[in-house]
Amino acid sequence: MGLKFQRLLLVSIVQLLVVAGEFFKPFNVSYDGRAMIIDGKRRMLISGGIHYPRATPEMWPDLISKSKEGGVDIIETYVFWNGHEPVREQYVFEGRYDIVKFVKQVGASGLYLFLRIGPYVCAEWNFGGFPVWLRDVPGIEFRTDNAPFKEEMERFVKKIVDLMREESLFSWQGGPIIMLQIENEYGNIESSYGSEGKDYMRWAAKMAVGLGAGVPWVMCKQVDAPDNIIDTCNGYYCDGFKPNSNNKPIIWTEEWDGWYTCWGDRVPHRPAQDIAFAVARFYQRGGSFQNYYMYFGGTNFGRSAGGPNYITSYDYDAPLDEYGLLRQPKWGHLKDLHAAIKLCEPALVAVRTPKYIKLGSKQEAHVYQDKGQKCSAFLANIDEHNSAIVRFQKQAYTLPPWSVSILPDCKNVAFNTAKIGVQTSIKTVGVDSTAYPNDPLPLKLMAPYEVEYISKTWEIFKEPIGVWSASNFTYQGILEHLNVTKDKSDYLWYTTRIYVSNEDIQFWEENHLSPVLTIDSVRDLVYIFVNGQFTGSARGEWINVTQPVDLNEGYNDILLLSQTVGLQNYGAFLEKDGAGFRGQIKLSGFKNGDLVITESKWTYQVGLKGEYLKIYAIDEKRTVEWSELPPDVTATRFSWYKTYFDVPGGADPIAIDLSSLGKGQVWVNGHHIGRYWTLYAPKDGCQTCDYRGAYDSNKCLTNCGEPTQSWYHIPRSWVQASNNLLIIFEETEKTPFEISIKAHYTETICGKVSEDHSPPLHAWSLPETINGTVLLNHMAPELYLHCDAGNTISSIKFASYGTPQGSCQNFSRGDCHAPNSYAVLSQACLGRQNCWINISNDAFGGDPCHGVVKTLSVEMKCSPSSSLM
Ligand code: GAL
């Protein structure tokens, strides 16, 4: 059966189930002090975050099935208020905002759903999810005991709960929803609102529970959550967390398995070994429900990115990358971890408090033993530097530094968090995460000879500098940016006119001075033009701007283009944040002192002419004078560029490289891909990454000296094979001739597994292992290698069974090498999408060096299947 056909079949089965409506036999969800109780059974649960609007509906089934394959039981998502209600009481539940469809797809795949309604969500999402019109509700103050706010919040939360109930999506209706969240990390800011904060929190809890959803509610980071709401933990580590009552289970709502990125910053990564360590420690110490924030991060399409200054990619270094491909070794290592935890589930749910055994100064065991029946244990070494040999139940175990060994039967190690037994994948586009402890981060792979520019023929439309329509208005003084734009556009022109006398000109000439424009405080970005000429720019969060300017005798036009780059999404008093200018704007250096222009007459123009005309739309009716763009053009600021392009064949996701441009926005076939900005990260600070020791987002960084983001995801479902309309709005003088497009797929795969690695996890399900451990002890570890769907292993770059040295893309032979290494690998893998290799002397025709622990290291290439012909 062809792959395409298989996919189609799967999609139609899922669609059929979705139409049928009921996904499970109706079941109840409750909890006790140990765990969630699903349909009468305590469960150890793994959840994965996927925000539906950060992908397309066409991507959802694949993301959900890859989550399931990765050992996830639950999909978690926030609900995005400003996406669903962009205009008050005009709801959108379509396309990327078709939440009902998303929830149904999750149910159809047999997974549960955890819905975090908020409706404040933070999430690096524009304005934390609040619709911008909410600022204009008279008398409103967000997230406090304020009647107008509470009314709006209740209306939206009720709308969502009712919608889910009408669609029969709660567990007791046979739907997948097992848990809900109200608010988000309110505990972080509660004290800013004094006693009203607490009143609001209590109100929110009562309001939520009063909606009769019939499943438990949580509040994250809310130590004072009321009795009927579970307070939960968010963070890089949550072992040791205790909810505020013994009757509530230990839940980790956000396991930060990566981090978000700002324009101009280095890109954070979190090593798989450390995530596995954190998760294993959580279950070791009594945790029962853990959610990866994010399992798939995706893309901030359009203007949905939050602020200040969050980039368009929300990749998050998650187990599924921005494009939905497996990020290896992260995805696979966590899959193995989940399988190991699931092997322990019977013992974990049977025991309320594990037995604690101190094994050494920094080593400890937690044993879950149910009256001698079932027994599972976790052995931890929290020493960041040294490995340790510990004795547990009369056996010796070696624990690498900063690691946990999981023993589902209290004897055999099924998994150690520091020992990766799965492949590393390096993609054609972007940067992948860390491979092995102490390995340098893999570099960005982008062979120059492979570059194919998207087009040679382009058209241009010049965006006017300054006021462009009759829809402008004049006001005496400076208005706050968002009050004027209502966030309909990033851009707002402030223009005014000043008079310069001949005496001032003479004064400057005689004293070799030039006048200086100062703005007390600016966010997020301002471009300064004088008499139509670009003069300077500044960016930051409420920064002071000082700009020398050239003025002529007579009237001079001062044009300030204020820009937002994603609205603030975190903190108290968000409604007061605003953007644009604060304080005074003045010109200094005049003969008679400063010229304060804050209170002058300013003319305001919201947005760009091209935006207003929707010249990016595919069915754009209004006439725009496009003209041909000569290849040798000397471009000026603010141009719209247009071309048509074809996409690489096959099903691999695609990405466009915009690093040859400056800053702007991009549309494909009328779909808003997002903002782009070629801001370079600092040159230093990307040192070798070590998984050992407590993680923070500054620890493992890439992209030093590189643009923070070069590649932008174009979802497959937004393009056809050829003739796709590409529209770019570029703010700098850069031209579009060097834009390239590429399929995103795993190009290089590597594996490195030693003989002393634990046997494969599937061995635990063999019948022989139920009563004994004999077989397990004799099962060889194995290496599983795979290319993305539609790709096959096309060549072997390196293969050595023996004592190979180095790491991915840098392997070399050691003293010991089985001569048939290459032949064994070729036979097993070439031309296939997947292959398995046993790590044993038998598999390699005998022992190449007696008495030495052997390792298999391999590096292979994957290529789209068709290109093998
Ligand atoms: C949390 C917040 C999330 C997200 C995360 C950082 O504090 O609850 O919504 O913003 O930080 O990615």
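The values are calculated or read from the model by the stated rules, or taken from the named source; none is laboratory data. Predicted, not measured: the structure shown is a model, and the values here were computed from it. Backbone-built Cβ (ideal geometry, glycine too); neighbour counts: all protein chains shown. Ligands, DNA and RNA are excluded from the accessible area calculation, which covers all protein heavy atoms including side chains. Shrake-Rupley method; radii C 1.70, N 1.55, O 1.52, S 1.80 Å.
A compact table of results
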item	result
Cut-off under 5 Å, modelled amide H: who pairs with Ile741 long-range	Glu452, Ile454, Asp657
Normalised contact order of segment 354-420, rounded percent, pairs of Cα under 8 Å and 6 or more residues apart	25 percent
Average projected area [Cα convex hull, segment 3-327], square nanometres	16.3 nm²
Stokes-Einstein D (µm²/s) once Rh is taken as the Kirkwood radius of segment 466-607 over alpha-carbon pairs, at 20 °C in 1.002 mPa s	136 µm²/s
Cross-link partners of Lys355 among lysines (Cα-Cα below 28 Å; sequence separation of 8 or more within a chain)	Lys41, Lys221, Lys242, Lys248, Lys335, Lys342, Lys371, Lys374, Lys394, Lys411, Lys419
Ala617-Ser863 pseudo-label distance in nm [points 7 Å out on the Cα-to-Cβ vector]	4.5 nm
Length gained when the stretch Tyr453-Asn483 is fully extended (0.36 nm per residue, less Cα-Cα span)	6.7 nm
With all protein chains modelled, accessible area of Thr474 [1.4 Å, Å²]	80 Å²
Per-peptide average of other Cβ atoms within 10 Å, ordering 337-350, 292-305, 721-734 highest first	292-305, 337-350, 721-734
Compactness of segment 354-420 - radius of gyration and Dmax, Cα, Å	11.3, 37
Size of electric dipole in segment 3-327: Cβ of Lys, Arg +1 and of Asp, Glu -1, about Cα centre, debye, nearest 20	720 debye
Segment 3-327: antiparallel DSSP beta bridges as a percent of all, rounded to 5	25 percent
Zone of Gln506's modelled label, taken as backbone nitrogen in segment 587-606 under 19 Å from a point 7 Å along Cα→Cβ	589-593
Cβ-based net charge around Arg497, under 10 Å, with every Lys or Arg adding one and every Asp or Glu removing one	0
Where labels lie 7 Å past Cα in the beta-carbon direction, separation of Lys68 and Gln720 in nm	3.3 nm
Simple label model, 7 Å out from Cα along Cβ direction - Lys41 to Glu94, nm	4.2 nm
Net +/- balance of residues flanking Trp81 in space, Cβ distance below 10 Å, scoring K and R +1, D and E -1	-1
Only Lys, Arg (+1) and Asp, Glu (-1) charged, at Cβ; the chain dipole about Cα centre in debye	2520 debye
Net charge, Arg165 excluded, C-beta distance under 15 Å - Lys, Arg +1, Asp, Glu -1	-1
Per the chain, cysteines lacking a partner by the 4.7 Å Cβ criterion	Cys122, Cys220, Cys262, Cys344
Cα-based reach from Lys576 at 16 Å (exclusive), listing lysines while leaving out same-chain residues under 8 positions away	Lys486
Segment 352-428-segment 36-76 distance, computed between alpha-carbon centres (Å)	27 Å
Positive dipole terminus of segment 532-670, leading residue within Gln584, Pro653, Leu567 (C-beta point charges)	Gln584
For Glu747, distant residues with modelled amide H under 5 Å away	Ile426, Lys427, Thr428
At R0 = 45 Å, FRET efficiency that the Cβ-Cβ distance of Asp370 and Glu22 yields, to 0.05	0.85
Of the trypsin sites (Lys or Arg not before Pro) in segment 563-638, those whose Cβ has at most 12 other Cβ within 10 Å and which sit in DSSP loop	Lys621, Arg622
Rounded D (µm²/s) - the chain, Kirkwood Rh over Cα pairs, Stokes-Einstein at 25 °C, 0.890 mPa s	83 µm²/s
Greater than 21 Å apart at Cα, pairs in Lys427/Lys734; Lys642/Lys663; Lys330/Lys752; Lys462/Lys614; Lys66/Lys742	Lys427/Lys734; Lys66/Lys742
Chain lengthening between Lys358 and Ser521 when straightened (0.36 nm per residue, less Cα-Cα)	53.1 nm
Average accessible area per residue (Å²) across the chain - probe 1.4 Å, nucleic acids and ligands excluded	38 Å²
Percent RCO, i.e. relative contact order, over segment 466-607, from Cα pairs under 8 Å lying at least 6 residues apart	41 percent
Contour excess over end-to-end distance, with Cα ends at Lys576 and Ser387 and 0.36 nm allotted per residue	62.8 nm
Within the accessible area of the chain (1.4 Å probe), percent carbon and sulfur	50 percent
Percentage relative contact order, the chain, counting C-alpha pairs under 8 Å, at least six apart	11 percent
